[in-house]
Amino acid sequence: MPVNIYEAAFSNCLAGLKREGRYREFADLKRQCGNFPRATYVLPSGEEREVVVWCSNDYLGMGQHAAVLAAMHEALDGVGAGAGGTRNISGTTHYHVELEHELAGLHGKEAALLFNSGYMANQASLAALSKLFPGCLVISDAKNHASMIEGIRHGGAEKVIWRHNDLDELESILTRAGKSRAKIIALESVYSMDGDIAPLAEVCDLADEHNAFIYLDEVHAVGMYGPHGGGIAEQLGLFDRIDLIEGTLAKAFGTQGGYIAGGAAAIDAIRSTAPGFIFTTSISPVIAAGALAAIRHLKSSNEERLLQQRHAAQLRAALREQGLPVQDAPSHIVPVIVGDPVLCKQLTDRLLAEEGIYVQPINYPTVARGEERIRLTPGPFHTPDLIAGLVDALARLWPEMGLRKVA
């Protein structure tokens, strides 16, 4: 019987991932509404155990907020489950229109456009922009998300990667390109793996000086920063200096989907030309209703943000006190560096099996080889007792596994 070359290719791929220690496994979880961050972990045997989730991107717990749930129930009862089509055919409902208006207002922009995910928003928008600007040069931060990289690649424009947050190199690239050439500076505000923040005001100064267009990914900042949850750009008072802002509904807003916000002409041009928008069934109006309620709540409530920031600071300080290699960062993201993919997976497996603590290993290609880590995202419902339990577990397991503490 001839060798099945297709099955062999699949097997070789999986064997290589396992050999390198970066094969990824899903945990079967049932989050407990009203009891976040606790969840029920369903083992392959069918046995169930309660765990505490430390790696959720539902940063503020809005996925269980009463106003969000009520809005979704009302929409489900009123208009049904699905959108019914693409936005151009039958998939535009009043919930989509309201949500886009709310998002535009959140970012101080004329218009906004919904996508099915943040990944799709970046991929479709950056590809479209690269084609809309003749002779465009895209200047991309070295630590930009995969969705931004894919969008830039798909757009086909010339690109240059600038060293992460390196303003001198950015200025040099802009100077060489010249003021008359179309240039997109593509960057994030909060970088999701290190938790650091871009020097956004200085980037705006350079963009003004060199006539460049700024595309800002605020996925990990919307809902989290600024007096109304408008992100780092709102916190720094930079809305009028950012050309296009991309965000998500799937993190601080606790639902699903992505979006862009900007000038009316820019949004309309992308709406009219981006295949990733044109040919995709729109998000459910039920999800749009929930996101709308979350945004409206976080525009007026700082309680969740303040609690989250307090708990992140407490966790970071406690980890540092135990000599654990927590990466210093000014944001809500708390990375602890392991530096080895196999040990990182073993650590998270032991935390889950022995301590009832769920956190996923982060390895290549999400981070560079040798920078493997656990990425902790404390939220408003991670109590001091839960923080103490996590830190105690890590402090005990770290030396047992031969991992080094820091002075």
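Which pairs turn up if I take residues in the stretch 8-37 that are under 16 Å from Tyr364 (Cβ atoms) and look for partners that are open to solvent by 80 Å² or more (accessible area, probe 1.4 Å) and not in a loop (DSSP other than H, G, I, E, B) with beta carbon separation below 9 Å, at least 6 apart in sequence or on another chain?
Sorted first by the residue in the stretch 8-37, then by its partner, the pairs are Gly21/Gln346.
Among what's in the stretch 229-242 and is in contact with a helix residue (DSSP H, G or I) (Cβ under 7 Å, 6 or more places away or on another chain) and either crowded, with 19+ Cβ neighbours inside 10 Å or aromatic (Phe, Trp, Tyr) (or both), pick the residue that is farthest from Phe115 (Cα to Cα).
Among those residues, the one meeting the criterion is Leu238.
For a quick check of your reading of the model, give me the residue pairs whose first member lies in the stretch 392-407 and is farther than 16 Å from Val342 by Cβ, whose second is of a type in the set (Asp, Glu) and not in a helix (DSSP H, G or I), with beta-carbon atoms closer than 6 Å and at least 6 apart or on different chains.
none
Only residues in the stretch 317-335 that are without any contact (Cβ under 8 Å) to a residue 60 or more places away in the chain and among the charged types (D, E, K, R) count as the first member; pair them with residues that are open to solvent by less than 10 Å² (accessible area, probe 1.4 Å) and not in a helix (DSSP H, G or I), Cβ under 9 angstrom, at least 6 apart or cross-chain, and list the lot.
That search, which allows pairs on different chains as well, returns Asp328/Gly195.
Scan the stretch 177-191 for residues that are outside any strand (DSSP E or B), surrounded by 21 or more Cβ atoms within 10 Å (Cβ to Cβ) and small (Gly, Ala, Ser) and jot them down.
Ser189
Matching residues to (1) aromatic (Phe, Trp, Tyr); (2) in a helix (DSSP H, G or I); (3) open to solvent by 30 Å² or more (accessible area, probe 1.4 Å):
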residue	(1), (2), (3)
Arg296	no, yes, yes
Gln308	no, yes, no
Leu315	no, yes, no
Leu347	no, yes, no
His382	no, no, no
Ala393	no, yes, no
Pro399	no, yes, yes
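Take the residues in the stretch 180-233 that are among the hydroxyl-bearing types (Ser, Thr, Tyr) and farther than 27 Å from Lys131 by Cα, then tell me which one is modelled with the lowest pLDDT.
So the residue we want is Ser192.
Name the residues in the stretch 199-215 that are outside any strand (DSSP E or B) and either open to solvent by 10 Å² or more (accessible area, probe 1.4 Å) or charged (D, E, K, R) (or both), would you?
Across the stretch 199-215, the qualifying residues are Pro199, Ala201, Glu202, Asp205, Leu206, Asp208, Glu209, His210, Asn211, Ala212.
Can you name every residue in the stretch 243-284 that is open to solvent by 60 Å² or more (accessible area, probe 1.4 Å) and in a helix (DSSP H, G or I)?
Ala265, Asp268, Arg271, Ser272, Thr273, Pro275
Under 8 Å by Cβ, and 6 or more places apart or on different chains, what pairs join a residue from the stretch 191-217 that is more than 23 Å from Arg181 (Cβ to Cβ) with one that is part of a strand (DSSP E or B) and open to solvent by 40 Å² or more (accessible area, probe 1.4 Å)?
Tyr191/Ile197
Just to be sure, is Lys109 open to solvent by 20 Å² or more (accessible area, probe 1.4 Å), under 27 Å from His332 (Cα atoms) and either in contact with a strand residue (DSSP E or B) (Cβ under 8 Å, 6 or more places away or on another chain) or polar (S, T, N, Q) (or both)?
yes
Can you name the residue in the stretch 141-152 that is open to solvent by 10 Å² or more (accessible area, probe 1.4 Å) and either among the small types (Gly, Ala, Ser) or touching a helix residue (DSSP H, G or I) at 6+ places or on another chain (Cβ under 6 Å) (or both) and, of all such residues, is nearest to Ser180 (Cα to Cα)?
Out of the qualifying residues, it is Ala142.
Condition check ((1) among the charged types (D, E, K, R); (2) under 23 Å from Ala294 (Cβ atoms)) across all residues:
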site	(1), (2)
Leu167	no, no
Ile184	no, no
Ala207	no, no
Gly229	no, yes
Arg241	yes, no
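Limited to the stretch 43-74, what total is found for residues that are free of Cβ contacts under 8 Å to residues at least 60 places away in the same chain, within 26 Å of the chain's Cα centre (by Cα) and in a strand (DSSP E or B)?
Result for the stretch 43-74: 0.
The values are calculated or read from the model by the stated rules, or taken from the named source; none is laboratory data. Note that this is a predicted model, so its numbers are computed, not measured. Every residue, glycine as well, gets a Cβ built from its backbone with ideal geometry; the counts of neighbours run over all protein chains shown. For accessibility, only protein heavy atoms count, side chains too; no ligands or nucleic acids. Shrake-Rupley method; radii C 1.70, N 1.55, O 1.52, S 1.80 Å.
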